[in-house]
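Peer 1: Got a structure for you, questions after.
The values are calculated or read from the model by the stated rules, or taken from the named source; none is laboratory data. Keep in mind that what you see is a predicted model, and the values were worked out from it rather than measured. Ideal geometry is used to build each Cβ from the backbone, glycine not excepted, and the neighbour counts take in all protein chains shown.
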Amino acid sequence: MKIPLAREGYFHILVSLIVLVLFAALRYYAVAFLFLIAALFLVCFFRQPGRRVVYKKGMVLSPADGRIVQIKRVRPGGFFDKEVTRVSIFMSVFNVHVNFAPIEGEITFMEHSQGRYLNALDPKASELNEACAIGFESGGERVLIKQLAGLIARRIKNCVKVSENVNAGDKIGIIMFGSRVDVFIDEGFSLKVELGQKVKAGLTLIGEKT
């Protein structure tokens with residue numbers, strides 16, 4: 001059975017397999033077994049399942065797999081210089097970590113900010129942690145997402161750029177290893193999720209144009 005993998009994981013998986021073979025050849029079977037477990041974990045972590053995205057204009061889809069840990073009215077500044085709703089999605093190490101575009105449209109804003117590495121569940125993480133914010137626009141509709149580094153997650157990798165047009169559900173990047181993604185939507189959208197709900201990237205409806 002072929003497991004679809006994010007290309008960002010190829011190097012990590014290959015290294016773990018090479019070390020596994022070396023220790024097995026030296027008959028250090030216990031150590032080799034540990035690297036087998038590590039390789040299996042990495043395959044699980046970097047999986048990139050195909051999703052049959054159902055999207056129509058006015059929808060905001062979840063950009064990440066995980067669980068809703070906070071819903072709050074905030075004023076993020078920059079892309080949104082007004083009060084909007086922030087939906088925070090926590091991704092454990094067992095979730096798919098590839099992130100996807102929440103709407104169809106043009107990427108008109110991207111900003112990387114240095115910061116701390118607080119636990120992604122910390123309410124202050126959105127303001128204080130290292131992050132990459134990406135703004136999407138389509139026919140007057142605007143949605144912002146913020147990929148946050150965390151206590152374990154120390155690397156945010158993106159595969160899109162400003163002025164690029166994307167479809168809802170297109171891959172936009174990945175966070176390694178376990179963190180959080182915030183979605184910011186304005187008052188023109190009605191919220192379709194609740195605190196504690198599990199969501200799937202490209203499948204779960206976060207908000208819809210009223």
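Peer 1: Output the qualifying pairs, or none if there are none: Cβ atoms under 8 angstrom, residues six or more apart or on different chains, first residue in the stretch 94-109 and assigned by TED's automatic domain parsing to the domain that holds Lys161 and under 12 Å from Glu164 (Cβ atoms), second residue crowded, with 24+ Cβ neighbours inside 10 Å and not hydrophobic (A, V, I, L, M, F, W, C).
Peer 2: Every condition considered, the pairs that remain are Ala101/Pro63.
Peer 1: Counting only residues that are in a strand (DSSP E or B) and more than 17 Å from the chain's Cα centre (by Cα), how many does the stretch 77-108 have?
Peer 2: Kept after step one, since they are in a strand (DSSP E or B), are these residues of the stretch 77-108: 77, 80, 84-90, 98-100, 105-108.
From what's left, more than 17 Å from the chain's Cα centre (by Cα): 77, 80, 84-85, 105-106, 108.
Residues in the stretch 77-108 being in a strand (DSSP E or B) and more than 17 Å from the chain's Cα centre (by Cα): 7 in total.
Peer 1: Let me ask something additional. Can you name the condition, by its number, that Ala38 falls short on among (1) surrounded by 15 or more Cβ atoms within 10 Å (Cβ to Cβ); (2) at positive phi?
Peer 2: (2)
Peer 1: A further question on this structure: In the stretch 49-59, is there at least one residue being out of contact with any helix residue (DSSP H, G or I) (no Cβ under 9 Å at 6 or more places or on another chain), surrounded by 13 or more Cβ atoms within 10 Å (Cβ to Cβ) and modelled with pLDDT of 90 or more?
Peer 2: Looking for residues that are out of contact with any helix residue (DSSP H, G or I) (no Cβ under 9 Å at 6 or more places or on another chain), surrounded by 13 or more Cβ atoms within 10 Å (Cβ to Cβ) and modelled with pLDDT of 90 or more, one finds at least one in the stretch 49-59, hence yes.
Peer 1: Out of all the residues in the stretch 70-83, is one or more among the acidic types (Asp, Glu) and over 23 Å from Glu8 (Cα atoms)? Can you show your working first?
Peer 2: From the stretch 70-83, those among the acidic types (Asp, Glu) are 81, 83; that's our starting set.
With over 23 Å from Glu8 (Cα atoms) added as a condition, the list becomes 81, 83.
Checking the stretch 70-83: at least one residue is among the acidic types (Asp, Glu) and over 23 Å from Glu8 (Cα atoms).
Peer 1: Something else now. If only one of Ser16, Ser62 is buried (at least 18 other Cβ atoms within 10 Å of the Cβ) and without any contact (Cβ under 8 Å) to a residue 40 or more places away in the chain, which one is it? Let's see the steps before the verdict.
Peer 2: On the way: Ser62 fails: without any contact (Cβ under 8 Å) to a residue 40 or more places away in the chain.
Ser16 is the lone residue from the list that is buried (at least 18 other Cβ atoms within 10 Å of the Cβ) and without any contact (Cβ under 8 Å) to a residue 40 or more places away in the chain.
Peer 1: Return the residues of the stretch 1-57 that are hydrophobic (A, V, I, L, M, F, W, C) and not in a helix (DSSP H, G or I); say none if nothing qualifies.
Peer 2: Keep residues of the stretch 1-57 that are hydrophobic (A, V, I, L, M, F, W, C), which gives 1, 3, 5-6, 11, 13-15, 17-26, 30-46, 53-54.
Matches in the stretch 1-57: Met1, Ile3, Leu5, Ala6, Leu26, Phe46, Val53, Val54.
Peer 1: Could you identify the single residue in Gly196, Gly202, Gly169 that is of a type outside the set (A, V, I, L, M), over 19 Å from Gly105 (Cβ atoms) and part of a loop (DSSP other than H, G, I, E, B)?
Peer 2: The match here is Gly196.
Peer 1: Can you find a residue that is among the small types (Gly, Ala, Ser), closer than 23 Å to Glu141 by Cα and either touching a Gly at 6+ places or on another chain (Cβ under 8 Å) or not assigned by TED's automatic domain parsing to the domain that holds Ala125 (or both) anywhere in the stretch 17-38? Please lay out each step first, then the result.
Peer 2: Initially, the stretch 17-38 is screened for residues among the small types (Gly, Ala, Ser), giving 24-25, 30, 32, 38.
Still in the running and closer than 23 Å to Glu141 by Cα: none.
No: zero hits.
Peer 1: Being touching a Ser or Thr at 6+ places or on another chain (Cβ under 6 Å) and of a type in the set (Phe, Trp, Tyr): is that true of Phe94 here? Give the steps one after another, and end with the answer.
Peer 2: Details: touching a Ser or Thr at 6+ places or on another chain (Cβ under 6 Å): no; of a type in the set (Phe, Trp, Tyr): yes.
Here the answer is no, as Phe94 does not meet what is asked.
Peer 1: Now for a different question. Output the residue which, of all residues in the stretch 175-198 that are in contact with a Gly (Cβ under 7 Å, 6 or more places away or on another chain) and surrounded by fewer than 23 Cβ atoms within 10 Å (Cβ to Cβ), is nearest to Leu148 (Cα to Cα).
Peer 2: Residues of the stretch 175-198 that are in contact with a Gly (Cβ under 7 Å, 6 or more places away or on another chain), as a first pass: 178-180, 185, 189-192.
From the residues that got through so far, the ones that are surrounded by fewer than 23 Cβ atoms within 10 Å (Cβ to Cβ) too are 178, 189-192.
Numbers: Gly178: 10, Phe189: 23, Ser190: 24, Leu191: 22, Lys192: 23 Å.
Step by step, filter the stretch 175-198, then rank; the result is Gly178.
Peer 1: Which of the residues that make up the stretch 172-187 are among the aromatic types (Phe, Trp, Tyr) and part of a strand (DSSP E or B)? Working first, answer last.
Peer 2: Taking the stretch 172-187 first, the residues among the aromatic types (Phe, Trp, Tyr) are 177, 184.
Of everything in the stretch 172-187, just one residue is among the aromatic types (Phe, Trp, Tyr) and part of a strand (DSSP E or B), namely Phe184.
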